[in-house]
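The values are calculated or read from the model by the stated rules, or taken from the named source; none is laboratory data. Here the structure is a predicted model, which is why all the values come from computation and not from measurement. Cβ atoms come from the backbone with ideal geometry, glycine included; neighbour counts cover every protein chain shown.
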Amino acid sequence: MKSNKKMLVLPGDGIGPEVMVQVRRVIDWFDRRRAVKFDIQEGLVGGASYDKYGSPLTDNTLADAMAADAVLFGAVGGPQYDTLPFDKRPEKAILGLRKELGLFANLRPALVFDALVDASSLKPDIVRGLDILILRELTGGIYFGEPRGIEKLPDGQRRGVNTQVYTTHEIQRIARVGFDLAKKRKNKVCSVEKANVMESGQLWREEVTAVHKAEYPKVELSHMYADNCAMQLVRNPKQFDVIVTDNLFGDILSDCAAMLTGSLGMLPSASLGAVDKQGRQHALYEPIHGSAPDIVGKNMANPIAQLLSFAMLLRYSFDLEDDAKLIESSVEKVLAGGMRTADIMQPGAARVSTVVMGDAILRELDKQAA
Ligand code: IPM
Ligand code: MG
């Protein structure tokens, strides 16, 4: 029996709409060929929403996101919006969705495809077979902490203030997600903070240790300072399995981990909320790459990260593991066949456009499902 899954698609700005078109083709393919059916609604977000409605995230869009089973998000931002006040900026849309939907757990896998080992800026031996997961806390810490602002001092200077805060509850729930994920992987968690200089980091370490001891003693747990972690990620990334860390360190370390794989254009992410009493869980899926204003409209962008975000959506929101794998293996096949968008171009490979990459993946899906 086919059940209808409600998806909200928010392409956003920059290359978001271009790569989403390719994903929509794949979603149509699933609608036709597989057991599951999707109810899809599309909306504006970020700069696109600001241009039309004067706000990067309207109440309507937020309500649609609340009502959806999952949100597939493109990217937001662009240089034309850089001078707007914070609350009008495109980035406010993604921050607002994270906060309002309670998406506290951000999964950022960094996986090196065999075909792309040479695309990494690190030596092939260091990254071959790399498969790590950065788990970033997404609704707390310095991104949302109060007090914040820019104030005028009596002596005429100005002072900028942001606050790093974490409560035991926030730390414990992200730690549990980390341990649960590790159990399905290589059973290793590395918790990252700056307990040597920050009280919030000290609390982080104590709480993660307590959750480990009480609930997950069989998972291997280590602790690392964030600066050392940045260093270890480029020195020997394969030492890690799951890295669990706060909002700001997670932002930084996940960009670093993403680059190990050779292309930001390849990496998806999932942001998950808590499961409520009815068993519902808010979730949003987005590529890591952002809006890439420099290549907008050139039919050059790599649609794979957006597509792999859809695969994550199938896996985590709809429990469709086989369908997620079907997408992932089709992507691998196409890469193994030598097709590359500009961002992952290698000598001897065939450079293709966004649309041709989409065509190739659809052909591969046809083949694999035949
Ligand atoms: C990310 C981005 C966002 C963040 C921006 C766009 C607000 O860098 O998702 O990593 O800082 O969280
Ligand atoms: Mg970031």
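Observations on the model:
- Qualifying strands (runs of 3 or more DSSP E) (wholly inside region 189-287; at least 1 residues being among the polar types (S, T, N, Q), within 16 Å of ligand 2 (Cβ to nearest atom) and touching a Lys or Arg at 6+ places or on another chain (Cβ under 8 Å)): 242-245, 268-275
- Residues of region 274-322 classified as closer than 21 Å to Trp29 by Cα and among the polar types (S, T, N, Q), total: 4
- Scanning region 243-265 for residues that are within 11 Å of ligand 1 (Cβ to nearest atom) and touching a Pro at 6+ places or on another chain (Cβ under 9 Å) yields a total of 1.
- Condition check for Gly129: touching a residue at least 40 places away in the same chain (Cβ under 8 Å), surrounded by fewer than 21 Cβ atoms within 10 Å (Cβ to Cβ) and within 26 Å of Met345 (Cβ to Cβ): yes
- Boolean, Asp343 is surrounded by fewer than 18 Cβ atoms within 10 Å (Cβ to Cβ) and among the acidic types (Asp, Glu): no
- For Asn247, the test of being modelled with pLDDT of 95 or more, touching an Asp or Glu at 6+ places or on another chain (Cβ under 6 Å) and closer than 15 Å to Leu135 by Cα is passed.
- Of all positions in region 61-69, none carries a residue that is among the small types (Gly, Ala, Ser) and within 28 Å of Ile150 (Cβ to Cβ).
- Members of region 140-172 that are more than 22 Å from Ile252 (Cα to Cα), of a type outside the set (Val, Ile, Thr) and out of contact with any strand residue (DSSP E or B) (no Cβ under 8 Å at 6 or more places or on another chain): Pro154, Asp155, Gly156, Gln157, His169
- The set of residues in region 266-291 being within 11 Å of ligand 1 (Cβ to nearest atom) and of a type outside the set (A, V, I, L, M) consists of Ser269, Ser271, Glu286, Pro287, His289, Gly290, Ser291.
- Filter result (part of a helix (DSSP H, G or I) and either among the acidic types (Asp, Glu) or within 16 Å of ligand 1 (Cβ to nearest atom) (or both)) within region 292-308: Pro293, Asp294, Ala305, Gln306, Leu308
- Complete set of residues in region 332-368 that are within 18 Å of Met300 (Cβ to Cβ), in contact (Cβ under 8 Å) with a residue 24 or more places away in the chain and part of a helix (DSSP H, G or I): Val334, Leu335, Ala342, Asp343, Ile344, Thr354, Val355, Met357, Gly358, Ala360, Ile361
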